[in-house]
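Working notes for the structure below.
The values are calculated or read from the model by the stated rules, or taken from the named source; none is laboratory data. Because the structure is a prediction, the values reported are computed rather than measured. Reconstructed Cβ throughout: ideal geometry from the backbone, glycine too, with neighbour counts over all protein chains shown.
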Amino acid sequence: MTSEGRDQKSKVSWCWKQKHGITLEEPNDNLCKAYMKKAKSALNMLTAAIEKEEVDWIATTAYYARYFSLYALLQRCGIKSEIHDCTISLMHFLLVEEDIVEEKAYAELLSAKELRIDTQYYVTEQIDIEKLGRDASTARSFVLKMEETVENLTENQIQEIRQKLMNARL
């Protein structure tokens, strides 16, 4: 296991202990579809934000489109996480390390989260418009990739993901 892998396992283990950190439930296709619908709704709002040049909302909707699509995938596996950092750690620990999702997607989600935080909480700082543009332009492909991953996920992979998560609880 790489140092990044150990770090993610440690974070996931911490998340198990938090009130709204991680809960293992039954896999839920209905919730998966509902969160994917939320991701697509966020993409629609992203388009509107771009048209109106609403910088804050571009960053926010681009992030949430990604986040909801990841959450849809976790719901497909029966994993609930209400803490964003825990959800993102789950992405690396359960999906990147198992070659289900590319490392690039994980890095993209982290970057989108950072950009959303910068626009939301640090209003006095200058926003990197080029970075914002790249972030917005890749959100749709991220969501489509997550949707494809959901569709191609096998029952065996779901069981392996759930087992790995249970092992991290210890």
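Odds and ends about this structure:
- Criterion violated by GLU82 - all others in (1) part of a helix (DSSP H, G or I); (2) in contact with a His (Cβ under 9 Å, 6 or more places away or on another chain) satisfied: (1)
Yes or no, residue by residue, for (1) in contact with a helix residue (DSSP H, G or I) (Cβ under 8 Å, 6 or more places away or on another chain); (2) of a type in the set (Lys, Arg):
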position: HIS20; (1), (2): no, no
position: GLU26; (1), (2): no, no
position: LYS38; (1), (2): yes, yes
position: GLU51; (1), (2): no, no
position: TRP57; (1), (2): yes, no
position: TYR64; (1), (2): yes, no
position: ILE83; (1), (2): yes, no
position: VAL96; (1), (2): yes, no
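- Residues being under 15 Å from the mean Cα position of the chain (by Cα) and free of Cβ contacts under 8 Å to residues at least 12 places away in the same chain - total across the stretch 43-95: 0
- The stretch 13-43 - residue that is closer than 26 Å to THR138 by Cβ and hydrophobic (A, V, I, L, M, F, W, C) and, of those, surrounded by the most Cβ atoms within 10 Å (Cβ to Cβ): ALA39
- Filtered by the rule that a residue be closer than 26 Å to LEU153 by Cβ and crowded, with 23+ Cβ neighbours inside 10 Å, the stretch 44-63 gives LEU46, THR61, ALA62, TYR63.
- Looking only at residues of the stretch 130-157 that are at pLDDT 95 or above, over 17 Å from the mean Cα position of the chain (by Cα) and outside any loop (DSSP other than H, G, I, E, B), we find that the one that is surrounded by the most Cβ atoms within 10 Å (Cβ to Cβ) is GLN157.
- Selection status of GLN126, assigned to a helix (DSSP H, G or I), more than 17 Å from the chain's Cα centre (by Cα), more than 19 Å from GLU51 (Cα to Cα) and without any contact (Cβ under 8 Å) to a residue 12 or more places away in the chain: no
- Some residue of the stretch 99-120 being surrounded by fewer than 21 Cβ atoms within 10 Å (Cβ to Cβ), outside any helix (DSSP H, G or I), of a type in the set (Val, Ile, Thr) and out of contact with any Ser or Thr (no Cβ under 8 Å at 6 or more places or on another chain): no
- Subset of the stretch 51-61 that is part of a helix (DSSP H, G or I) and either among the charged types (D, E, K, R) or in contact with a Phe, Trp or Tyr (Cβ under 9 Å, 6 or more places away or on another chain) (or both) - its residue that is modelled with the highest pLDDT: GLU51
- Residue in the stretch 96-120 that is farthest from the chain's Cα centre (by Cα), counting only those that are at pLDDT below 95 and β-branched (Val, Ile, Thr): THR119
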